[in-house]
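Working notes, beginning with the structure itself.
The values are calculated or read from the model by the stated rules, or taken from the named source; none is laboratory data. Please read these numbers as outputs of a predicted model, since none were measured by experiment. All Cβ positions, glycine included, derive from the backbone under ideal geometry; neighbour counts span all protein chains shown. Side chains are part of the model used for accessible areas, which takes the heavy atoms of the whole protein and leaves out ligands, DNA and RNA. Shrake-Rupley method; radii C 1.70, N 1.55, O 1.52, S 1.80 Å.
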Amino acid sequence: MEKLLKIAASQADQADLYYTEKSSDDISFVDGKLDGADSSLSSGLSLRVIKNERVGFAHTRNLLEPEALVSQAILSSEYGAEAKYKLPVTALPAECIGYDPAIQTFDKKQLIQSGNDVINYVKSRTNAQFNLAYWFGTSSSELRNTSGTYLSRKKSHFGVQARMIFPGTGSGLVTQHIGACVCGINYEELDEMISLYDICQNQVIPNTGKMPVIFHSQALYMLLWRINEALHPVNMLSGISPLFNREGEQIFSDKFTYWQNPLDSELVSATGFDDEGSPTRILHFFENGVFKAIPLNLFYANKLGKEATGNGFRPSIESLPGATIINSIVDPGSKSLPEMISNLDHGLIVYSLMGAHSGNILNGEYSVGVASGMLVENGKIIGRVKDCMLSGNIYDDLKNIVDIENVSHPMGGRKLPAIMLDGISVAGK
Amino acid sequence: MIDYLEKMTASLKVDYYDIRYETKHVEQVRINKREIRVCDANTGDGYVLRVLHKGALATVNFTRPEQAEAAIRKAVENAEILAGNKVKPKQLAPAPVVVDTVKVKLAEDPRHISLGEKKELTNAYSELLFAQPRIVNVDITYDDVYRNKYYLNSEGTRINEELVTTRLSGAIIAQDGALTQPVRFAFGGSDGFQRVRNREQEALNKAKIAADLLKAEPVRAGTYKMILNPGMTGVFTHEAFGHFSEADIVRDLPSIREKMKLGTRLGLDELNIIDDATMSNQLGYYRYDDEGVPVRRVNLMTNGVLTGRLHDRFTAAEMGESISGHSIAEDFRYAPIVRMGCIFIQPDRYSLDELMASMEDGLYIGDPMGG
């Protein structure tokens, strides 16, 4: 690594080198039976060079010739994106936030035993098709740059997902936990899933019209996706974001606070520095509905004349750092989910949606099928909805927040509550 | 490389194994708002090993050759664990032993075109589209992908297949005040760089649609007769029908398996749906799948009745149907799963104008946004 950076430094004005090594395992049970046990061992490195204020990029899985990799990066800098920024000088100790070394030597046989226990418990109580999956692993990363920064981090993850599938569909109910340490699904959660599944045996088609809808924490990502697109600096730079030039404006209901806490160790991505070496920070995107800030990496910070916010993360070694929100949180409100349901006279609660990636996302529009959702009448869930779609625009709908659940549930990279919105267009009968 | 893979797996004592090593070279240019964001050429590589041992299948993917020993150990250990838990034994449907080398045939080879020329071409499209009325952003990506796959299995199959795809895709965004309208476009194929040349008129048509959409009336909720354009038909066929023709999805969802029994009528007499990955002008083209099985054209629906399904060797054996060569991995990082090659609806007897005339009032659906 050091040698490679030296070669790069001799040919470019600046350079950084990001190396990552990962090991992961997964175990799956399909329809109540053990089905698969697979593993992955991967590694790779990416090299960014900045030469004549242009960025060059190269990556490899197997470093055979360091000189060739550097030449590749230098060649790409001839045509590369403008880079008028300085790579940061950051000094932090080796990081182990969210790292449980026990996961490296975790006993799969023991996990399969726990899985079989869960399945036997569920099978004795319901005929539902039940799938169960575990996945776990560790990773280590290192970042070096020509400004003298050397940073390293180790991480671990452990996930478990239980699914009960509605007959004749591919969708169903999901309970999932993801964290840095070993976790499981408890029997109370399974009991809740089973009783909801039983209610879902009753299928209803709701009437077309506007009504209140509770977006369960598992379905909230659909709305956040549209917000994140508007917050992305590429759309600010182009001037096409609906939030362009609107800092300080009340955009959504004052009940809505959306922010990131990179050091929240309950979330698996927790880290003190991003993948280009900038320190991460707490950042409020919306505070009580008022638009405050956007996430920035070095590139966009420089373009927009602002300071980087430590959001330069790479989805893989094949990419330059983007501007990515990390450990996002929607603040909880005051009512529990059962209270929210019991206060609802006529409306829906939706758990999962189909087609969240379609529509004019940047404009805040959505038009989605309900994969898993229930009709609520007089404060009670009475059945699962079928042939039902929701549509609207977040810039109208998030002004009409009725309630937010009093818990933000850790969901791997996010902490989200359920949110009840009024006046959502529902297409049904 | 095949010899190297043979040496790497020589110590394996299992019922069946296969290993795939692949290099993937990607050249890409991305221009957003007239500025270059990405312009690079890179290669990745890696291995995927699968073992069938005591009736259990386990997969390990790995990056570096020195990890091979650990990968083999893990694969056998995973299979032992599965077998110890009495998983339903997996069987392989018989497949021909193939020894073949498939070199790519291209009208114009993108590997012989410089990154600079690719940048110029992408930039020319970007500038052309930017000059159109109401267009405020063009986010355009050119990429070509050269995959060189080496595959061997313990039955004696040894294949080296090259695949090259070339593609130009992007979003054109029109704006009027606070309203923006994006329209996406994509051109490409597996038979050469010429696929992305001379497509200016098609790109301009998309820019016009984006601008026209700014003045579009919102559609009123209701029930309509609709004609779907080919893009929308493609997405609909792929998502709503095609995925349920993939045998691994059907296998894992018993209630869908019942719905998708061969011989079931699901459509009108006029409806014929085919998967054909052997058309070299399409992005989904290949000769052999990632189990070394030659891909064949499959009539999934014939005159409205289910007549075929896409399989890997395991699902074909389990469901007692014929292999089709549809075990496909996205690249060297993944184990293969059953996926469509190139799915389409066979044209029938009416022209678009005739369909329009027969519809009276209704909607004509242009391209989808997302799937």
Sorted by accessible surface (1.4 Å probe, heavy atoms of the protein chains only), largest first, A:Y79, A:Y366 come out as A:Y79, A:Y366
Relative contact order as a percentage, chain A, C-alpha pairs under 8 Å and 6+ apart, gives 16
Each residue of A:76-82 has, on average, a number of other protein chain C-beta atoms within 10 Å of its C-beta equal to 6
Sequence order, the range B:15-25: Karplus ³J(HN,Hα) from phi using 6.51 cos²θ - 1.76 cosθ + 1.60, θ = phi - 60°, Hz rounded, Gly and Pro as x, gives 5, 7, 8, 9, 9, 10, 10, 9, 10, 10, 9
Cα gyration tensor of the range B:166-251 diagonalised, 5x eigenvalues square-rooted, in angstrom largest first, produces semi-axes 27, 24, 11
Residue-normalised value, i.e. accessible area per residue, for the protein assembly as shown at 1.4 Å probe, in Å², stands at 42
Connecting every pair of Cα atoms under 10 Å apart in chain B and solving the GNM, the largest mean-square fluctuation among B:P294, B:P133, B:P336 falls on B:P133
Of the residues B:S358, B:S327, B:G44, the Cα lying farthest along the dipole of the protein assembly as shown towards its positive end, which is defined by charges on the beta carbon of Lys, Arg, Asp and Glu, belongs to B:G44
Sorted by chain and number, the residues with a modelled amide H under 5 Å from that of B:Y364, at a separation of 5 or more or across chains, are B:I227
Here the net charge surrounding A:Q203, from other residues whose Cβ is less than 11 Å away from its Cβ (Lys, Arg +1; Asp, Glu -1), is +1
Residue by residue through the range B:226-238, the couplings from Karplus 6.51 cos²θ - 1.76 cosθ + 1.60 with θ = phi - 60°, in Hz, x for Gly and Pro, are 9, 10, 9, 6, x, x, 5, 4, x, 5, 4, 5, 5
In degrees, nearest 10, the alpha-carbon axis of helix B:200-213 is tilted away from the dominant principal axis of the alpha carbons of chain B by 70
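By the scheme Lys and Arg +1, Asp and Glu -1, what is the net charge of all other residues having a beta-carbon under 13 Å from that of A:E365? Kindly include the intermediate steps, with their values, before the conclusion.
Numbers: positive: A:R226; negative: A:E229, A:D396, A:D397.
Residues near A:E365 contribute -2 overall.
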If amide H atoms are modeled at 1.01 Å from N in the peptide plane, then the residues at a separation of 5 or more from A:G172, or on another chain, having amide H under 5 Å from its own are A:F166
So the angle from the long Cα axis of helix B:68-84 to the longest Cα principal axis of chain B, reported in degrees to the nearest 10, equals 80
Here the convex hull volume per residue of the range B:1-103, taken over Cα atoms and given in Å³, is 176
Note: B:I274 to B:V99 extended length (0.36 nm per residue) minus current alpha-carbon separation gives 60.2 nm
Quick calc, B:N281 & B:V305: beta-carbon distance into FRET formula, R0 22 Å, rounding 0.05, result 0.15
Buried accessible area between B and A, both sides, 1.4 Å probe, in Å² rounded to 100, is 4400
For A:L344, the residues 5 or more places away or on another chain with a placed amide H closer than 5 Å to its own amide H are A:G379
Counting Lys and Arg as +1 and Asp and Glu as -1 over every other residue whose Cβ sits under 9 Å from the Cβ of B:T315, the net charge comes to -2
The range B:255-292 scanned against label point 7 Å out from B:Q346 along Cα→C-beta; backbone N under 13 Å for B:269-276
Whole-number value, in Å³ per residue, for the convex hull of the alpha carbons of the range A:124-250 is 233
Listed residues B:L52, B:L266, B:L168; largest mean-square fluctuation, Gaussian network over chain B with Cα springs below 10 Å, found at B:L266
Connecting every pair of Cα atoms under 10 Å apart in chain B and solving the GNM, the largest mean-square fluctuation among B:R199, B:R64, B:R30 falls on B:R64
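Please compute the average number of Cβ atoms from other chains found within 10 Å of each residue's Cβ in peptide B:69-82. Don't skip to the end; give the middle numbers.
On the way: counts 0, 3, 3, 0, 1, 7, 3, 0, 3, 8, 1, 2, 7, 7.
Per-residue shielding by partner chains comes out at 3.
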With a 1.4 angstrom probe the carbon and sulfur portion of accessible area for the range B:226-365, in percent, totals 55
The range A:2-195: relative contact order from alpha carbon pairs under 8 Å, six or more residues apart, as a whole percent, is 23
Calc'd 3J(HN,Hα), the range A:240-255, phi into Karplus 6.51 cos²θ - 1.76 cosθ + 1.60 (θ = phi - 60°), Hz, glycine/Pro = x, comes to 9, 6, x, 9, 4, 6, 10, 3, x, 8, 6, 9, 10, 3, 5, 7
Output field shielding_mean for B:31-41 (other chain Cβ, 10 Å radius) holds 6
Once the mean of 1/r over all distinct C-alpha pairs in the range B:2-213 is inverted, the Kirkwood radius in Å reads 20.4
B:I2 and B:H112 label points (each 7 Å along its Cα→Cβ direction) are spaced in nm at 2.6
Semi-axes in Å, largest first, for the protein assembly as shown (Cα gyration tensor, √(5λ)) are 36, 35, 32
